[in-house]
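Report on the structure given below.
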Amino acid sequence: QVQLVESGGGLVQAGGSLRLSCAASGRTFSNYVMGWFRQAPGKEREFVAAINRSGSSTYYADSVKGRFTISRDNAKNMVYLQMNSLALEDTAVYYCAARPRIIVTTSHLYDDWGQGTQVTVSS
């Protein structure tokens, strides 16, 4: 029901920061819970962060708590992932995803996905 396009990935040194953006189409962006997932080489896709429809509530994977921040701007149909203190283990393709109503952490419960953006952390 919504088309998503990620941007902002790239190469960054360990300890550095990167800000990912996800642009959504349509007039009903505020109806969707938004999440970020990532998939590293040889690993399954994993939950990173999610934000509720109004932006009043967020939830993070333990691996990124205190380092990553998810936010959204419903007026601009945008969701962001600010990534600080990046480590080699954060290297992955990062995906933006949307689902109705409730924050969940399971990827198959999200309905719409972006194409992904590569984040590579170097030593």
Subject >> Per residue value of the accessible surface for the chain (all protein chains in place, 1.4 Å probe), Å² >> reply: 51
Subject >> Ellipsoid equivalent to the chain - semi-axes via the Cα gyration tensor, in Å >> reply: 23, 14, 13
**OP:** Please arrange Glu6, Glu89, Glu46 by accessible surface area, largest first, computed with a 1.4 Å probe and ligands excluded.
**Re:** Glu89, Glu46, Glu6
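What's the carbon and sulfur percent of the chain's accessible surface, probe 1.4 angstrom, rounded to a whole number?
47
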**OP:** For region 32-73, just the Cα set please: Rg and Dmax, both in angstrom.
**Re:** 11.0, 35
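The values are calculated or read from the model by the stated rules, or taken from the named source; none is laboratory data. Everything quoted here is computed from the prediction, not taken from an experiment. Just so you know, the surface numbers come from the protein's heavy atoms only, side chains and all, with ligands and any DNA or RNA stripped out. Shrake-Rupley method; radii C 1.70, N 1.55, O 1.52, S 1.80 Å.
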